[in-house]
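Participant: Questions regarding the structure given below will be posed in turn.
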Amino acid sequence: MVGLSLGEQNFIKGGIAQDLRTDGRKRLTYRPIFVETGIIPQASGSARVKLGGTDVIASVKAELGRPNPSHPDKGKVSIYVDCSPTAEPTFEGRGGEELSTELSSALQRCLLGGKSGSGAGIDLSSLSIVQGKVCWDLYIDGLVVSSDGNLLDALGAAIKAALSNTAIPKVQVAANASADQQPEVDVSDEEFLQFDTTAVPVIVTLTKVGRHYIVDATTEEESQMSSAISVSINRQGGICGLTKRGGAGLDPSIILDMISVSKHVSEQLMNKLDSEIAAAEACDEDDEMDS
Amino acid sequence: MEYVNPEGLRLDGRRPMEMRQLRAEIGVISKADGSAVFEMGNTKVIAAVYGPREVQNRSQQLNDQALVRCEYSMANFSTGDRMRKPKGDRRSTEISLVIRQTMEACILTHLMPRSQIDIFVQVLQADGGTRSACINAATLALADAGIPMRDLVTSCSSGFLNGTPLLDLNYLEDSAGGADVTVGILPKLDKVTLLQMDAKLQMDTFENVMQLAIEGCKAVASYIREILLENTKQLESRRGI
């Protein structure tokens, strides 16, 4: 864990109280975001997001599968996060497992909605191919390569970027299959469908330090937090998921206030992220043309 | 299957004695004491070094030398078919051990008694030769961390398919069932520190194949030296010397 002296702790807290943090940011300013897409050639889509010292990779892999019997008209999406020991020596062996599970479940909550898939940021019915028979399974893998706080927001952004980069092959279904047979599917390796990511929310984590809350906390700032709230918000300003972390209790009115602040912040983040993703995609396409 | 066509070209268009494109970058993880990315064609590995620092587990402390530890892990998306493997399966434990032993042999551990050096390697893309790529990345990361070493260990693999010795096998060639010789050398001292081979080979063929791998290691060594020199020059100019 971060070893901070009492003086350093007070410096961080005092800075946040005066709206001037140790790296010169204001309370509600993000570190510069850097997005790179298409970095894993084997995956259907991939992206790397750097947020200061935090560096995460997300990849999306699409595989053909069978839909869940209770939701025959929907595809399946699963999210797993792995914390590499390169980010923090304590993640060695099984050390990172707890954090990995916490991040995976928080992301599932924020992006996938309820069990039925309603309210999900990803439109699950667009993944269906033959109702009740064949659908796309999306496997989203996150990898934390370097960690300097605010992993959840970074992973959320990386997944959004990776989904925008995702190309799902077009499929032809043989028409003559009878009702009880598994239909034959012909996966095209030339034509791809782009994934619609306008509905994918961004995640904003507000960390409460002292009486104030900050966005995009570094590891040092996170060590001083009393509690944190992660809100995932879509383009329309709707809340898609919410997670509270940290032991200290929060007053309900403060929570509501934090949500409205995060909604305001999310608009800027969404725009910034969209332009970064578009720039990364353009860059990626240039590379492809060169090669 | 034909791994070398009549024109003498391999599946990915290389000549038998040609290596894949190398690319390396130093200092990719700001929090680590030393870090590097190493690419051999489509194989991409990231290594981070933490230390020398206080020993975390006192019972492992060595009073006359540094404790070197290594962990190898593969990202879920690194292979063609996505799979979710539990951490610490036998293959990664074995590779961790191999990397640790190879690196330990070249670190001047007696200069840092009662301290610990952690090497973490993470495979981002696997396309054959991950062992070699990991060792090369670890060497760069150790050099970036400023850890005293006897020499820069470098590694490269070679194989024997269709009666031809092949340098730097990719995944397809690696899984073809022929011999796969992974060699690690200390290029300046001209010593072999790592040698592994699966499958069987004639004695005299083995000599050729191993010699080819050693040549590969030397080529990697000169590339690594170039990258380190480039990095040092950049550091120099940033300091304004």
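What follows is calculated from the coordinates using simple rules that are stated; it is not laboratory data. Because the structure is a prediction, the values reported are computed rather than measured. Virtual Cβ from ideal backbone geometry, glycine too; neighbours counted across all protein chains shown.
Participant: So for the pair residue A:226, residue B:11, with labels modelled 7 Å out along Cα→Cβ, what separation do we get in nm?
Facilitator: Distance between label points: 6.1 nm.
Participant: Quick one: grab Rg to one decimal and Dmax as a whole number for the stretch B:87-173, Cα atoms only, in Å.
Facilitator: 14.9, 51
Participant: Once you've got the GNM for chain A with C-alpha springs shorter than 10 Å, pick whichever of A:191, A:36, A:281 has the biggest mean-square fluctuation.
Facilitator: With Cα springs under 10 Å in chain A, the top fluctuation among A:191, A:36, A:281 is at A:191.
Participant: Using C-alpha positions alone, give me the convex hull volume of the stretch B:28-73 per residue in cubic angstrom. Mind dumping the intermediate values first?
Facilitator: On the way: hull volume 4.4 nm³, N = 46.
With only Cα atoms used, the stretch B:28-73 gives 95 Å³ per residue.
Participant: Which percent, nearest 5, of DSSP beta bridges in chain A are antiparallel? Please list the in-between numbers first.
Facilitator: Details: 48 of 56 bridges.
So the antiparallel bridges in chain A amount to around 85 percent.
Participant: Let me ask something else. Roughly how compact is the stretch B:61-120, stated as its Cα Rg over 2.2 N^0.38 Å to two decimals?
Facilitator: Normalised by 2.2 N^0.38 Å, the Cα Rg of the stretch B:61-120 equals 1.39.
Participant: Let me ask another. How large is log10 of I(q)/I(0) for the stretch A:49-129 at q = 0.12, 0.19 Å⁻¹ when the intensity is taken from the Debye formula with one equal scatterer per alpha-carbon?
Facilitator: Calculated log10 I(q)/I(0) at the listed q: -0.47, -0.92.
Participant: Say we join alpha carbon atoms closer than 10 Å with springs in a Gaussian network model of chain A; which of A:210, A:142, A:121 then has the biggest fluctuation?
Facilitator: A:210
Participant: Arranged by the count of other C-beta atoms within 10 angstrom, fewest first, what order do A:11, B:120 take?
Facilitator: Numbers: A:11 14, B:120 28.
Fewest-to-most ranking of A:11, B:120: A:11, B:120.
Participant: Starting from the alpha-carbon convex hull of the stretch B:22-239, give the projected area averaged over all orientations, in nm².
Facilitator: On the way: hull surface 51.9 nm².
Taking a quarter of the hull surface, the average projection is 13.0 nm².
Participant: Let me ask something additional. Give the calculated FRET efficiency between residue B:222 and residue A:9 to the nearest 0.05, with a Förster radius of 51 Å applied to their Cβ-Cβ distance. Before the final figure, lay out the partial values.
Facilitator: Numbers: r = 49 Å, r/R0 = 0.96.
In this case the efficiency is close to 0.55.
Participant: Note down the relative contact order for chain A as a percent, whole number, built from C-alpha pairs under 8 angstrom at least six residues apart.
Facilitator: Reported as a whole number, the value is 20 percent.
Participant: Compute the separation of the alpha-carbon centres of the stretch A:1-54 and the stretch A:203-248 and state it in Å as a whole number.
Facilitator: That distance is 13 Å.
Participant: With only alpha-carbon pairs counted, each pair once and no self-pairs, how large is the Kirkwood hydrodynamic radius of the stretch B:1-150 in angstroms?
Facilitator: Numbers: mean 1/r = 0.0604 Å⁻¹.
That comes to 16.5 Å for the stretch B:1-150.
Participant: Gaussian network model of chain B, Cα springs within a sub-10 Å range: biggest mean-square fluctuation belongs to which of B:77, B:38, B:160?
Facilitator: Residue with maximal mean-square fluctuation among B:77, B:38, B:160: B:77.
Participant: Over the Cα atoms of the protein assembly as shown, Rg to Rh with Kirkwood Rh, two decimal places?
Facilitator: Radius of gyration relative to Kirkwood radius: 1.00.
Participant: Taking the Cβ of each residue in B:140, B:152 as the centre, tally the other Cβ atoms inside 10 Å and list the residues starting with the fewest. Mind dumping the intermediate values first?
Facilitator: Working: B:140 27, B:152 20.
Lowest to highest Cβ neighbour count: B:152, B:140.
Participant: Given Cα pairs under 8 Å that are at least 6 residues apart, what percent is the relative contact order of the stretch A:145-215?
Facilitator: Working: 73 pairs, mean separation 24.4, N = 71.
Over the stretch A:145-215, the number comes to 34 percent.
Participant: Still on this model: Evaluate the distance, in nm, between pseudo-label points positioned 7 Å from the Cα of residue B:90 and of residue B:215 along their respective Cα→Cβ axes.
Facilitator: In this crude label model, residue B:90 to residue B:215 measures out at 3.6 nm.
Participant: Return the ratio Rg/(2.2 N^0.38 Å) for the stretch A:226-291, where Rg is computed over Cα atoms only. List each step's numbers first, then the result.
Facilitator: Numbers: Rg = 17.3 Å, N = 66, 2.2 N^0.38 = 10.8 Å.
This ratio for the stretch A:226-291 stands at 1.60.
Participant: Right, another one. With the cut-off at 1.5 for a/c, could you classify the stretch A:163-258 from its C-alpha gyration tensor as rounded, prolate or oblate? Provide the component values of the computation, followed by the final result.
Facilitator: Numbers: a/c = 3.68, a/b = 3.02, b/c = 1.22.
In terms of gyration-tensor shape, prolate.
Participant: Please report, in debye to the nearest 20, how large the charge dipole of the stretch A:30-82 is about its Cα centre when each Lys and Arg carries +1 at its beta carbon and each Asp and Glu carries -1 there. Intermediate values should be presented prior to the final figure.
Facilitator: Numbers: 7 positive and 5 negative charges, 16 e Å.
In debye, rounded to 20, the stretch A:30-82 gives about 80.
Participant: Moving on. Give me the percent of DSSP beta bridges within the stretch A:63-146 that run antiparallel, rounded to the nearest 5.
Facilitator: On the way: 5 of 13 bridges.
Roughly 40 percent of the beta bridges in the stretch A:63-146 run antiparallel, per DSSP.
Participant: Mind listing P(r) for chain A? All alpha-carbon pairs, 5 Å bins, whole percents.
Facilitator: With 5 Å bins starting at 0, P(r) equals 1, 5, 11, 15, 17, 16, 12, 9, 6, 3, 2, 1, 1, 0, 0.
Participant: Efficiency by 1/(1 + (r/R0)^6): what FRET value for residue A:190 and residue A:105, r their Cβ-Cβ distance, R0 = 30 Å, to the nearest 0.05?
Facilitator: Values: r = 38 Å, r/R0 = 1.26.
Approximately 0.20, to the nearest 0.05.
Participant: Would you be so kind as to identify which of A:83, A:193, A:219 lies farthest towards the positive end of the dipole of the stretch A:9-290, taking Lys and Arg as +1 and Asp and Glu as -1 on Cβ and the Cα centre as origin?
Facilitator: My answer, from the dipole projection, is A:219.
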